[in-house]
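Data first, discussion second: the structure below is written as structure tokens.
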Amino acid sequence: MQAIILLGAPGAGKGTLAEGVRNATGLIHVSTGDMLRAAVKAGTPTGREAQAYMEKGELVPDDVILRIVGERLAQGKPDDRYMFDGFPRTLEQARQLDATLAALGGSVRQVFLLEVPVPVIVSRLSGRRICKTCGAVYHLTNIPPKQAGVCDQCGGPLYQRPDDSEETVLNRLEVYQRQTASLIEFYAQKGLLVRINAGTTPQAATAELLARLA
Ligand code: ADP
Ligand code: ZN
């Protein structure tokens, strides 16, 4: 069981990039943010526990995250190849991921750090819109849908994530600096870090990542 990781601030474009990389490679895309939003929507105990943290832009506790990722990997097969998006986000999560993969005879192969200037991040998040039905991601000016408010792929309604309000966006960036940025050093020391310029277009960032994928 091998894995690559997409690391970067909220708004760096992890989800959009993951879609392009998955389509090009067949890697299995695992987004803890998507899993949590699905749990909130379904009203499961995990969803009820996670919701308050997510609305404030705080991290959901490690034990909750490690449980849902553990359950997901337990359904996998030994030769599965994963792409994690939004996970790990703390040193504890990173250490546990190493242990879990090692127990399954695998490891983290590469960690792609998506680098984007802060003003670009703020504009991306505040303009972001998401399909309520299929989860496709749009942006009011950068990736507009053909018809305003309607998903190109499935016709579902588009909405703004509650944690994309300006105040929560600023808190999420602070949380990233405080709790997640230390992972850059953690993976750099292991020789796994690959820096990607994700400040231009999704196409350019996806092409750069694919070119550097081992
Ligand atoms: P973004 O990267 O844009 O913040 P995500 O969809 O990855 O968006 O995450 C949304 C929210 O879900 C986070 O703000 C956090 O509350 C929660 N979350 C997602 N992944 C994790 C994780 N690995 N650890 C803790 N909380 C997480
Ligand atoms: Zn849709």
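For this structure, a couple of remarks:
- Looking across the stretch 20-54, the residues that are surrounded by fewer than 19 Cβ atoms within 10 Å (Cβ to Cβ) and among the charged types (D, E, K, R) come down to Arg22, Asp34, Lys41, Arg48, Glu49.
- Inter-residue pairs, beta-carbon under 9 Å, first within 7 Å of Cys131 (Cβ to Cβ) and in the stretch 143-158, second of a type in the set (Phe, Trp, Tyr), 6+ apart: Cys151/Tyr138; Leu158/Tyr138
- The stretch 139-155: number of residues that are surrounded by 17 or more Cβ atoms within 10 Å (Cβ to Cβ) and in a loop (DSSP other than H, G, I, E, B): 2
- Top-ranked residue in the stretch 123-138 [being open to solvent by less than 90 Å² (accessible area, probe 1.4 Å) and of a type in the set (Ser, Thr, Tyr); ranked as nearest to Asp164 (Cα to Cα)]: Ser126
- Residue, nearest to ligand 1 (Cβ to nearest atom), within the stretch 55-67, restricted to residues that are open to solvent by less than 70 Å² (accessible area, probe 1.4 Å), within 16 Å of Val30 (Cβ to Cβ) and in a helix (DSSP H, G or I): Ile65
- The condition of being surrounded by 15 or more Cβ atoms within 10 Å (Cβ to Cβ) and either assigned by TED's automatic domain parsing to the domain that holds Thr32 or at pLDDT 95 or above (or both) holds for only one of Gly76, Gly105, Gly70, that being Gly76.
- The C-beta contact set for the stretch 24-46 (first residue in the same structural domain as Ala136 (by TED's automatic domain parsing) and without any contact (Cβ under 8 Å) to a residue 12 or more places away in the chain, second residue open to solvent by less than 40 Å² (accessible area, probe 1.4 Å) and among the β-branched types (Val, Ile, Thr), distance under 6 angstrom, 6+ apart or interchain) is empty.
- Some residue of the stretch 186-208 being of a type in the set (Phe, Trp, Tyr), touching a strand residue (DSSP E or B) at 6+ places or on another chain (Cβ under 7 Å), closer than 25 Å to Leu59 by Cβ and open to solvent by less than 20 Å² (accessible area, probe 1.4 Å): yes
- Apart from one condition, Asp79 fits all of (1) more than 13 Å from ligand 1 (Cβ to nearest atom); (2) part of a helix (DSSP H, G or I); the exception is (2).
- Asp34 vs. criteria within 10 Å of ligand 1 (Cβ to nearest atom), assigned to a helix (DSSP H, G or I), under 27 Å from Leu213 (Cβ atoms) and acidic (Asp, Glu): yes
The values are calculated or read from the model by the stated rules, or taken from the named source; none is laboratory data. In this text, all values refer to a predicted model and were calculated from it rather than measured experimentally. For neighbour counting, all protein chains shown are included, and Cβ atoms are generated from backbone atoms with ideal geometry for every residue, glycine included. For the accessible areas, the whole protein counts, side chains as well, though only heavy atoms, and no ligand, DNA or RNA atoms are used. Shrake-Rupley method; radii C 1.70, N 1.55, O 1.52, S 1.80 Å.
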